[in-house]
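Q: Okay, here's the structure, questions in a sec.
The values are calculated or read from the model by the stated rules, or taken from the named source; none is laboratory data. None of these values were measured; they are calculated from a predicted model. When we count neighbours, we look across all protein chains shown, and the Cβ atoms used for this are built from the backbone with ideal geometry, even at glycine. These area figures cover heavy atoms from the full protein model, side chains too; ligands, DNA and RNA do not enter into them. Shrake-Rupley method; radii C 1.70, N 1.55, O 1.52, S 1.80 Å.
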Amino acid sequence: MLSYIRHSKTFFIVPFFIFLIHSLLILHYQHVLAQQNQPYEITIDIQDSTQVTKELFDPINIDQLISKAHTKNLSNTSQWWALLHYKKNLFGIKSLVDDPKFFLASDGKFNPKSELEATIRYLYSYNEKENPINRFMARYEWLKKELQTTSPYEKYCTKYQEIISFKDTIKVNLVFPTGYINSPASMFGHTLLTVQSQYNPGLLSSAINYAANTNETFGPLFAFRGIFGFYKGYFSIMPYYMKVQEYGDLESRDIWEYTLNLNQDEVRFMLFHIWELDNVYSDYYFFDENCSFNLLYLMEVTRPDSHLADNFFFWVIPIDTMRKVINAEFVERTAFRPSRTTTINHMVSQLNTDQINVVKSIANQNNDSLTNLINSSFTEKQKIQILDCASEFIQYRYSNKEYTQKEYQDLFINVLKIRSSFTQTLTYTIPNPPRPETGHYSSHVRLQAGIFDEKPYTEVVYRPSYHDLCDDPSGFISGSQIIFGETAIRYYYDNQNLLLQRLELINIESLSPINPLIKPLSWKVITGFDRMPLENNNQTLVYQLNTGSGYTIEIFKWLQIYGMIEFSGLLNNNFKHNIEAGPGLSAGIVLQPFQHIRIRSYIVDTYYLYGDAFNFITIKAIFQYNFNQRFSTRFEVSSWYNEQWDNQLSGALIFYFW
């Protein structure tokens with residue numbers, strides 16, 4: 001119901017204002033959700049209608065065709081609903097396409113029967129201005145089979161004839177670039193399609209993408225418009241290699257490619273529908289009618305009984321759409337395409353310290369570094385490893401604008417020249433990480449019981465999305481925590497109080513380990529309501545904003561340590577000036593000693609300077625055993641210090657779902 005209230009654009013949801021004000025002012029929005037600034041505009045080849053004479057339509061009885069369509073109840077079939085993107089809601093039937101030119105009937109957006117009648121009349125009646133099949137190829141292809149009637153326009157539609165006569169085998173891939181945590185719009189990942197044949201294979205294939213059409217870079221305004229549907233979303237088409245460069249090189253996102261098992265008739269029908277949607281907009285909604293959701297329709301039209309776009313409610317997360325497609329048995333195989341950062345990290349793991357120092361020297365454009373390498377005592381294989389890693393690292397630094405174009409070209413060409421003098425080829429086999437769909441489901445409910453300062457309680461926690469550092473990391477961004485809307489309701493047995501314990505609007509942490517070449521910044525943003533034991537053993541409900549940044553070091557593959565400089569602000573009308581604010585320091589460890597066990601421990605020491613000056617210390621340790629995609633169990637020990645120590649012990653059972 002919430003999504004349909006939003007669609008009216010006359011209602012506004014107060015919690016979302018808090019969401020966009022406090023989160024998106026802090027996070028970087030250089031990579032906005034508009035994957036393309038402009039929709040792909042296509043010039044439809046309108047055929048000379050003089051080639052089609054009115055007499056050709058004399059044998060066609062339109063009323064008879066409409067009667068036959070009603071007899072077969074075509075307007076209520078899953079195929080027709082998929083083609084028009086119809087959905088039922090509390091108020092009736094509505095197409096999720098919002099562009100008026102997509103509909104032929106005046107009430108076609110809400111009336112499948114009326115739109116079907118108008119479509120039959122449009123496709124099978126004489127039209128001296130345009131060839132109707134050019135506009136609605138998929139509708140025509142389906143109606144031709146159902147009504148067993150061919151329109152005279154068919155042989156005069158060049159694009160239609162081109163598609164049906166194409167003999168080469170066409171393959172369609174569903175592509176999932178993993179999340180980009182430094183951009184809120186992309187941190188959940190993304191999905192797009194690629195269409196390839198022997199004439200445009202692999203990176204030369206065409207990428208089909210859906211995104212909001214905007215140049216907006218101001219975070220709060222972008223978020224507001226994206227949440228409430230003030231952007232128009234379009235499908236666009238561009239070369240796949242440009243998307244790989246954007247995701248893999250510029251944003252350090254690994255890419256998964258899922259080849260769909262569509263037969264050629266299904267592929268052709270999908271292409272017809274893509275043609276119908278060119279330059280046709282739907283209102284874009286960040287939470288539900290987003291890139292991944294709209295892409296489902298391109299696949300659903302090929303197999304309408306799959307109902308891929310059904311059973312999503314208030315939000316649609318890309319990985320959930322991936323699972324829907326996989327569960328519907330659309331996928332025949334998968335492939336992994338590592339990002340440049342993943343490739344460099346793998347190469348660095350195979351180098352010794354001396355080799356790494358040479359790579360850095362080359363990348364820093366030190367004089368004679370390449371000459372010294374040639375004359376060094378390194379083996380040929382070691383020299384090749386250095387040059388291969390240096391070439392990747394130089395490209396990485398150039399994509400981060402650390403070189404001018406001339407500096408990059410001179411350095412990169414010199415490295416390639418020396419590399420070409422070695423005939424040996426090394427193969428760098430990067431192990432495939434767990435596939436994204438194998439990770440735990442994106443929502444969870446946690447049933448928790450514990451003791452706070454000798455007072456027993458029971459707590460129910462609901463997290464709409466997505467993942468924390470103690471969840472099984474398989475299939476997720478390594479070292480990431482992305483939590484939206486986690487709500488905890490607590491009941492104390494001693495005084496029979498039922499309380500809102502916590503409402504985390506946003507809790508995002510990125511703990512990306514540094515290595516000798518790449519040193520990403522670790523950071524966090526936490527904002528929402530929380531009860532804190534501030535005085536007299538009472539838990540005070542405050543609104544908090546906590547940010548921090550620092551670095552993470554990977555001691556072993558299973559052990560990372562981190563430290564951050566932080567800032568914290570608290571709001572409560574019992575505070576002096578209603579606010580407490582001050583700096584702090586934090587340090588912690590994250591370890592996974594065994595496959596199913598995750599442990600995290602940290603300490604945060606904050607000194608509030610503004611308001612009533614005081615020192616507040618938080619110490620927490622979490623042990624979690626992850627059984628599978630559905631279940632985990634968690635134990636927590638927490639202590640807080642503010643003139644006295646307060647302690648809490650709890651245990652929980654977690655159920656994941658989507």
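Q: Go through region 288-332 and report how many residues are open to solvent by 30 Å² or more (accessible area, probe 1.4 Å) and among the hydrophobic types (A, V, I, L, M, F, W, C).
A: Final tally of qualifying residues: 7.
Q: Of the residues I489, I477, only one is at negative phi and out of contact with any Gly (no Cβ under 8 Å at 6 or more places or on another chain); which?
A: Just a single option satisfies the conditions, and that option is I489.
Q: From G202, G179, G189, grab the single residue that is farther than 30 Å from L123 by Cα and free of Cβ contacts under 8 Å to residues at least 60 places away in the same chain.
A: Residue meeting the stated conditions: G202.
Q: Restricting the search to region 237-248, which residues are open to solvent by less than 10 Å² (accessible area, probe 1.4 Å) and either outside any helix (DSSP H, G or I) or aromatic (F, W, Y) (or both)?
A: Y240, Y247
Q: Of the conditions (1) surrounded by fewer than 18 Cβ atoms within 10 Å (Cβ to Cβ); (2) under 23 Å from L511 (Cβ atoms); (3) in contact with a His (Cβ under 6 Å, 6 or more places away or on another chain), G611 clears all except one; give me its number.
A: (2)
Q: Please determine, by comparing only the residues of region 270-287 that are open to solvent by 10 Å² or more (accessible area, probe 1.4 Å) and among the charged types (D, E, K, R), which one is farthest from the chain's Cα centre (by Cα).
A: Ranking the candidates gives D278 first.
Q: Out of region 87-112, which residues are part of a strand (DSSP E or B), in contact with a helix residue (DSSP H, G or I) (Cβ under 6 Å, 6 or more places away or on another chain) and open to solvent by 10 Å² or more (accessible area, probe 1.4 Å)?
A: Hit for region 87-112 is N89, nothing else.
Q: Please go through region 62-86 and pick out each residue that is open to solvent by less than 80 Å² (accessible area, probe 1.4 Å) and over 18 Å from R139 (Cβ atoms).
A: S67
Quick grid of which residues meet (1) of a type in the set (S, T, N, Q); (2) in a helix (DSSP H, G or I); (3) farther than 30 Å from K101 by Cα; (4) free of Cβ contacts under 8 Å to residues at least 40 places away in the same chain:
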site: Y258; (1), (2), (3), (4): no, no, yes, no
site: F272; (1), (2), (3), (4): no, yes, no, no
site: D283; (1), (2), (3), (4): no, no, no, no
site: F293; (1), (2), (3), (4): no, yes, no, yes
site: L308; (1), (2), (3), (4): no, no, no, yes
site: V325; (1), (2), (3), (4): no, yes, no, no
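Q: If a residue counts only when it is touching a Cys at 6+ places or on another chain (Cβ under 8 Å) and surrounded by 15 or more Cβ atoms within 10 Å (Cβ to Cβ), which helices (runs of 4 or more DSSP H) contained entirely in region 128-171 have at least 1 such residues?
A: 132-135, 137-147
Q: Within the set of pairs 6 or more residues apart or between chains, which connect a residue that is within 17 Å of L295 (Cα to Cα) inside region 71-90 to a residue that is of a type in the set (G, A, S) and outside any loop (DSSP other than H, G, I, E, B) with Cβ atoms less than 8 Å apart?
A: What qualifies is L83/A138; L84/S95; H85/S95; H85/S282; Y86/S95; K87/S95.
Q: Given the condition touching a residue at least 24 places away in the same chain (Cβ under 8 Å), open to solvent by less than 70 Å² (accessible area, probe 1.4 Å) and hydroxyl-bearing (S, T, Y), answer yes or no: does some residue in region 592-601 qualify?
A: no
Conditions tested, residue by residue: (1) within 24 Å of S339 (Cβ to Cβ); (2) out of contact with any Gly (no Cβ under 8 Å at 6 or more places or on another chain); (3) not small (G, A, S).
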site: T150; (1), (2), (3): no, yes, yes
site: C157; (1), (2), (3): no, yes, yes
site: Y160; (1), (2), (3): no, yes, yes
site: L192; (1), (2), (3): yes, yes, yes
site: Y199; (1), (2), (3): no, yes, yes
site: S205; (1), (2), (3): yes, yes, no
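Q: Take region 632-651 and flag every residue that is within 16 Å of L469 (Cα to Cα) and open to solvent by less than 10 Å² (accessible area, probe 1.4 Å).
A: S632, the sole residue that qualifies.
Conditions (1) free of Cβ contacts under 8 Å to residues at least 60 places away in the same chain; (2) more than 16 Å from L505 (Cα to Cα), marked per residue:
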| site | (1), (2) |
| --- | --- |
| I526 | yes, no |
| F529 | yes, no |
| L534 | no, yes |
| Y543 | yes, no |
| G550 | yes, yes |
| F556 | yes, yes |
| Q560 | no, yes |
| M564 | yes, yes |
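Q: Filter region 113-127 down to residues that are open to solvent by less than 10 Å² (accessible area, probe 1.4 Å) and not hydrophobic (A, V, I, L, M, F, W, C) and give me whichever is farthest from D310 (Cα to Cα).
A: The extreme case among them is Y124.
Q: Test I181 against the stated conditions and say whether it is open to solvent by 10 Å² or more (accessible area, probe 1.4 Å) and closer than 30 Å to Q245 by Cβ.
A: Spelling it out, I181 is indeed open to solvent by 10 Å² or more (accessible area, probe 1.4 Å) and closer than 30 Å to Q245 by Cβ.
Q: Could I ask something else about it? Can you tell me how many residues in region 249-263 are closer than 15 Å to T194 by Cα and open to solvent by 20 Å² or more (accessible area, probe 1.4 Å)?
A: Selection size over region 249-263: 2.
Q: May I pose another question? Collect the residues in region 230-254 that are at positive phi and among the charged types (D, E, K, R), keeping them in residue-number order.
A: Answer for region 230-254, where residues must be at positive phi and among the charged types (D, E, K, R): there is none.
Q: Filter region 495-513 down to residues that are polar (S, T, N, Q) and part of a strand (DSSP E or B), then give me how many there are.
A: Final tally of qualifying residues: 4.
Q: While we're here: Does L203 satisfy being open to solvent by 50 Å² or more (accessible area, probe 1.4 Å), assigned to a helix (DSSP H, G or I), in contact with a Phe, Trp or Tyr (Cβ under 9 Å, 6 or more places away or on another chain) and of a type outside the set (D, E, K, R)?
A: yes
Q: For region 358-379, which positions are assigned to a helix (DSSP H, G or I) and touching a residue at least 24 places away in the same chain (Cβ under 8 Å)?
A: Passing the criteria: V358, V359, K360, I362, A363, L370, L373, I374.
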